Amino acid sequence: MIFAHGLGSRGQLPLPVWMFTWAAAIALVVSFVALGVLWTRPQLDRLAAGRTLVPSAGVVPAVRAVGRALALVLYLVCLVAGLAGADETSDNILPVALYVVVWVGALLVSGLLGDLWGAVNPIATVARAVEALARRVGVEPREAPARLGQWPAALGLFVFLFYELGHPSGAQPRTLGYLLAAHLVVGIVAAVVWGADWVAEHEPFSALFAWVGAIGPVFRRPGGGLGLRPPMSGLARMPVVAGTAVALLVVLGGTTYDGFSESELAGRILGRPTGWGGAVNHLLGLVGSILVISLLYAVGIWWTSRVTGMAVGRAATAFAPSLTPIVFGYAVAHYFQLLVDESQSFVFRLSDPMGRGWDLFGGSDGLINFNLISVDLVAWLQVLAILVGHIGAVMVAHDRSIELFDVGHSLRSQFAMLLVMVAYSTLGLWLLLNA
């Protein structure tokens, strides 16, 4: 079984696709109008301050230390399993851990709760140890060039998506083991050159989960404790630099292509070749999907720039946080069923991570229950995730526009972006219900 691809809707919805599409478009327009009338001053930045949930003293540091230790142990187990375990996707823990638990599970938890990954990130743990060792021998990290921005994260996410969606052996443990080892080496080198903090902020998964984590209500306060704030308000304080919007568009385009590649239309356009011939087709499809999604975003940004006089590049960066709810909504819609089903396999593989016939904790020969939750319920959840994600994007973009522009320009500057959100939601629903 290949874990790379999410699933379309397996349940039955009582209305045809075109009705859901119209309903989504109407909901977005109504939300836009309501925000324009009722939301006349920036609110998200004020709400993002939140309140203290758990003070810095007490159990928080201890829980974080235990979480980091467990995450590091699991990371090392997966690395060893990929390099030396059985090279069978269904027997080895690495494919399901990487493609399901981390890529899908950590992303969904980030959006629902907050950036849990940032608290336990094993790559950051390794980077801190490496930096401390380097300092002991007299090697001091220097400041990274500002022009790098989040371009390393964008490149890393693109490479990962190619392995997930296009590489001919992208689900094989050995292939993923080599990829994980290369990723570790790059992280170690970056920790020596630029420091562990840079790695923690720019490593692809860390950057993405931090952005999506800004949607969640739980966040880490400056003093080290935990805070609570309204969902999505954290996007007002999401750090945005060069390459952030590109990285989000890469993920959004990758998820879009994942859904499209399973459709009959993709088969007619790209065919179904295997091996490296198929990999080239998938690469072209992935790049094409990212370009289409980026072009739609560029149209909205061009209109904003035209109405307000803001430079296009600055506008593209300023409104990048509005892409984050769409990324999260698409992830829930396309991968929730995958997470429910295949996370069970991860539990089984914990007893035999190397695929050697062990049964360390019992249950290594368990079978996945594909009917754990109602497929009709999943179908409704998928549709609602796309709709809520786009309404959230409209809200974030509106709040940012009235923060940056006067009342007269703020609403008009978002007309084209509203059409972009309608296009995104229409595309997402079509892919979900026709793949």
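What follows draws every value from the coordinates through simple rules; no lab data is involved. This one's a predicted model, so the numbers in the text were calculated from it and none came from an experiment. Cβ sites come from the backbone with ideal geometry, for glycine too, and all protein chains shown count toward neighbours.
Computed quantities for the displayed model
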| quantity | calculated |
| --- | --- |
| Span-like helix ranges in the chain, DSSP H, alpha carbon extent 20 angstrom or more, Kyte mean at least 0.5 | 17-38, 59-84, 151-165, 173-194, 244-261, 275-308, 324-350, 375-404, 415-434 |
| Packing-based exposure ordering (other Cβ within 10 Å, fewest first) of 402, 93 | 402, 93 |
| In Hz, Karplus ³J(HN,Hα) per residue of region 363-373 (6.51, -1.76, 1.60; θ = phi - 60°; x = Gly, Pro) | x, 5, 9, x, 10, 6, 8, 6, 10, 4, 10 |
| Part-to-part distance (alpha-carbon centres) for region 218-284 and region 361-426, which is given in Å | 13 Å |
| Qualifying GluC sites (Glu not before Pro) in region 77-156, DSSP loop, other Cβ atoms within 10 Å at most 16 | 88, 143 |
| Loop-resident sites, region 54-143, for trypsin sites (Lys or Arg not before Pro), counting at most 13 other Cβ within 10 Å (DSSP) | 142 |
